[in-house]
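Only one structure is covered here, and it is reproduced in the block below.
The values are calculated or read from the model by the stated rules, or taken from the named source; none is laboratory data. The structure displayed is predicted, hence computed values, not measured ones. Cβ sites come from the backbone with ideal geometry, for glycine too, and all protein chains shown count toward neighbours. Note: accessible area is taken over every heavy atom of the protein model, side chains too, but ligands, DNA and RNA are not part of it. Shrake-Rupley method; radii C 1.70, N 1.55, O 1.52, S 1.80 Å.
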Amino acid sequence: MNKLELAKMANEVRKGIVTAVHSAKAGHPGGSLSAADMFTYLYFEEMNIDPKNPKMENRDRFVLSKGHTAPGLYSALANRGYFPVEDLKTLRKLGSYLQGHPCMQETPGVDMSSGSLGQGLSAAVGMALAAKMDNKDYRVYCLCGDGEIQEGQIWEASMFAGHRKLDNLVVIVDNNGLQIDGKVEDVCSPYPIDKKFEAFNFHTININGNDMDEIAAAMKEARETKGMPTAIIMKTVKGKGVSFMENNAGWHGKAPSDEEYAIAMADLEKIGEELGGAN
Amino acid sequence: MADVKKIATRESYGNALAECGAKYPNLVVLDADLAGATKTGVFKKAFPDRHIDCGIAECNMTGIAAGLATCGKVPFISSFAMFAAGRNFEQVRNSIGYPHLNVKIGATHAGITVGEDGATHQCNEDIALMRTIPGMTVIVPADDVEAKAAVEAAINYNGPVYLRFGRAAVPVINDTPEYKFEIGKGVVLKEGKDVTIIATGTCVSGALEAAEKLAADGIDAEVINIHTIKPLDNDLVLASAKKTGKVVTAEEHSVIGGLGSAVCDLLSEKQPTKVCKIGMNDVFGESGTAGGLLEKYGLDGNGIYAKVKAFVQE
Ligand SMILES: Cc1ncc(C[n+]2csc(CCOP(=O)(O)OP(=O)(O)O)c2C)c(N)n1
Ligand SMILES: [Mg+2]
């Protein structure tokens, strides 16, 4: 896909997020929307995957370590064809295969269950290590929150990944600046994020994570990086695309009312129109 | 039992892994800077490329194992029970249990027979913790023969398994040609009619010793080895409880949440029977020799004998 097509798709992914969370009357829109461009790029451009064969042995893997942003992952998977987009409305409902946090046994395309912050990166490291042990060339991508990296296990996993020179691993930090209790730098600052990963022997790249060109360039650079894992620290806007959710910690884990939903969808429709209508 | 052979089940664990290495190419072993103590060093020596030392980071080790399992490996994570089940509880629950991944947890140094290191390292809570995780199999081998059989059975079983091993040498009691290990199947070691002693792990040899002493007093005890705490061999426990009408459980673990609780859960529902639970009575351990501690806390042959006798004569 070209940049415009990707941007349009990201907008569709955002609509899916807002629709799912509105339907569920619960869930986490803020961090799903901030990472929507990344979800889109990964599933529509970057990763070697097959929606018809979600368990394909040599597929690239994705671990959503910040599992609460499942709506973002689900919307990308649905739009990519793993399951019907319509099913996004079953999010968090009794009997749905779209659980509140990712469940690898329930949902096609989910490579690892997650939701307890800090744990996903270790699993991603295990996957990358398995590829190395078996001389396979699949790559592993892991998305963490900028609040999540306050968890010590993230740094245990990073130390190991750097030590083992896992250059098939890409850690993406969604630096939207907010966590539940407010700004990350007010709660317990993770900054400087890049320097921390560097200290653990990562190659680091700082980008604007709401810009497809920058995402594409960073992914290319990560692929070309040998002998060390890559950390992409992406500055994003939490709630990106929905006017009243942007940069507002209050929209971390709250569903829009019917009126708010209408405004949110109108915002996204407008963005879609500006991008030149449907794909 | 004066001159029986004694081997620590952690030795059996390391040896079994090394012996299974060639037969099971997907087997990988992870450690957290305790390969010497968990005895997985034997595997490391034989299969260096399939041994992964994660450093002192048990939670990360657990997650790495989960990731390896999603890619078809059969990982064994090794540490002391305190860390493998305690420090790690939530990682085991969420990264292994919930996705029902094929990870085996080899927990050594369980219970008070850790000895001199004292209470911080003596985990008497791990069976309780692991047993509550849906889909988790919990195995506590009694001796070398059983520990090795359990390791191979765990490799051949698809799903998470918690294996509990000890630091101290324990008598080899299952070294017989008929011995056969099956996950979930308890073993009647001695038939009897007056009281049932259900033991696990370290306490199995003590229970046998107690039964001998009880016999001298005219008490005919049945001794059952429950090596699999979960799934429990319900039929065997129920049948024996029905026969004797009195049940004693013996384990090197807290009386809260372990074998005793599992047996009571079953009996209270299906076959109400008076139960005497022998274990750590809601207390922490302390430094001492393994033998000295077993004696002090009433978990050796004499301790079990005294408790059973008093219970039968109540
Ligand atoms: C171990 C753990 N502690 C707490 C939570 C509750 N929780 C869910 S989301 C969240 C904040 C996450 O912030 P961040 O990582 O910045 O995510 P994002 O901003 O991308 O949504 C918290 C504390 C959790 N899911 N897991
Ligand atoms: Mg954040």
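Taking (1) within 14 Å of chain B (Cβ to nearest Cβ); (2) surrounded by fewer than 23 Cβ atoms within 10 Å (Cβ to Cβ); (3) more than 16 Å from ligand 1 (Cβ to nearest atom) in turn, A:N79 satisfies each apart from (1).
When residues in the range A:117-139 are screened for being within 16 Å of ligand 2 (Cβ to nearest atom) and within 7 Å of chain B (Cβ to nearest Cβ), 0 of them pass. Selection of first residues in the range B:98-118 that are away from chain A (no Cβ under 14 Å) and of second residues that are part of a strand (DSSP E or B) and among the hydroxyl-bearing types (S, T, Y), restricted to Cβ pairs under 6 Å at least 6 apart or on distinct chains, gives the following pairs, ordered by first then second residue: B:I105/B:Y162; B:G106/B:S78. Condition check for B:N15 on (1) in a helix (DSSP H, G or I); (2) open to solvent by less than 30 Å² (accessible area, probe 1.4 Å): one failure, at (2).
In the set (1) within 12 Å of chain B (Cβ to nearest Cβ); (2) crowded, with 19+ Cβ neighbours inside 10 Å; (3) not in a strand (DSSP E or B), A:C142 fails one condition alone, (3).
When the residues of the range A:1-50 are filtered to those that are outside any helix (DSSP H, G or I) and either within 16 Å of ligand 2 (Cβ to nearest atom) or open to solvent by less than 20 Å² (accessible area, probe 1.4 Å) (or both), the one that is farthest from the other protein chains (Cβ to nearest Cβ) is A:A35.
The residues in the range A:82-134 that are without any contact (Cβ under 8 Å) to a residue 40 or more places away in the chain, open to solvent by less than 10 Å² (accessible area, probe 1.4 Å) and part of a helix (DSSP H, G or I) can be counted, and the count is 5. Residues that are open to solvent by 30 Å² or more (accessible area, probe 1.4 Å) and not in a helix (DSSP H, G or I) within the range B:18-41 comprise B:A22, B:K23, B:Y24, B:P25, B:N26, B:D33, B:L34, B:K39, listed in sequence order.
Among residues of the range A:195-215 being part of a helix (DSSP H, G or I) and open to solvent by less than 30 Å² (accessible area, probe 1.4 Å), the one that is farthest from ligand 1 (Cβ to nearest atom) is A:M212. What is the one condition in (1) part of a helix (DSSP H, G or I); (2) within 16 Å of ligand 2 (Cβ to nearest atom) that A:W155 does not satisfy? Of everything listed in (1) part of a helix (DSSP H, G or I); (2) within 16 Å of ligand 2 (Cβ to nearest atom), A:W155 misses just condition (2). Inside the range A:249-279, residues that are within 16 Å of ligand 1 (Cβ to nearest atom) and open to solvent by 60 Å² or more (accessible area, probe 1.4 Å) make up a count of 1. Of all the numbered requirements in (1) at negative phi; (2) within 16 Å of ligand 1 (Cβ to nearest atom), A:G115 misses one, and that requirement is (1).
Out of all the residues in the range A:134-169, which are under 24 Å from A:K183 (Cβ atoms) and among the acidic types (D, E)? Within the range A:134-169, A:D146, A:E148, A:E151 qualify.
Applying the criterion of being more than 16 Å from ligand 1 (Cβ to nearest atom) and within 9 Å of chain B (Cβ to nearest Cβ) to the residues of the range A:148-178, the residue that is surrounded by the most Cβ atoms within 10 Å (Cβ to Cβ) is A:F160.
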